[in-house]
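The next block holds one structure in the form of structure tokens; read it before the comments.
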């Protein structure tokens, strides 16, 4: 192992952990802003999405420069490739959170057609998946990465439930169609976050075992 290379990878990983914290907070707050109609919080999430985007490019530049200057051995190179992939997935998760914050503005002061219960549940699972996947990456924990995948099924089940319920609201009262569509967009963003985390887990498995696992 090249000690210099590993020290530099550790520094990049510190940035990745910071990015994961920013993204996790964005996902948490985006759903809170939707539930409580907190327009100022929603604006802040959209502003801070630029910080996440900038950090994504900074991490990518660091990885590319390290590859170009240190000529890392196979194991280090695999870690850098995993880091690049996870970095991209986290940035996309941040985009989904920003998308939910935009929906807050679209709905505006209009009263929710129903209390939002399952969307926050989807959020809670998604946040748990993000946090655990980053821990699995840092600890090279393949078993944990595989277990996280099952949580994505829970998000999918909740999404199906939200979809069916909102469709019923649309059918019963056509005037609810616009808001229900917006809420479906929010739920879909959370469902996609689950998919992004499973991509992270697949990369962790490859990092640890060399196995390209697409269907865990």
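Key figures for this structure:
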item	result
C-alpha center-to-center spacing [segment 4-56, segment 162-192] in angstrom	27 Å
C-alpha long axis of helix 118-138 to longest principal axis of the chain, angle in °	0 degrees
Sorted by Cβ neighbour density within 10 Å, fewest at the top, the residues 185, 57	57, 185
Matching label, Rg and Dmax of the Cα atoms in Å computed from the structure shown, candidates (i) 17.2, 57; (ii) 18.4, 59; (iii) 18.9, 65	(iii)
Structure-based [θ]222 nm, the chain - -39500 (n - 2.57) summed over DSSP H runs of at least 4, per residue, nearest 500	-31000 deg cm²/dmol
C-alpha long axis of helix 142-172 to longest principal axis of the chain, angle in °	20 degrees
Helix 177-209 vs. the chain, principal-axis angle (Cα, 0 to 90°, nearest 10)	20 degrees
Ascending count of other beta-carbon atoms within 10 Å, so fewest first, for 35, 23	35, 23
Taking 85, 5 and counting other C-beta atoms within 10 Å, the order from fewest to most	85, 5
Projected label distance in nm at residue 74 and residue 195, using a 7 Å step from Cα toward the beta-carbon	3.4 nm
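Taken together, the values in this text are just the output of simple stated rules run on the coordinates, not laboratory data. A quick note: this is a predicted structure, and the numbers were derived from the prediction, not measured. Heads up, the Cβs are rebuilt from the backbone with ideal geometry, glycines too, and the neighbour counts pull from every protein chain shown.
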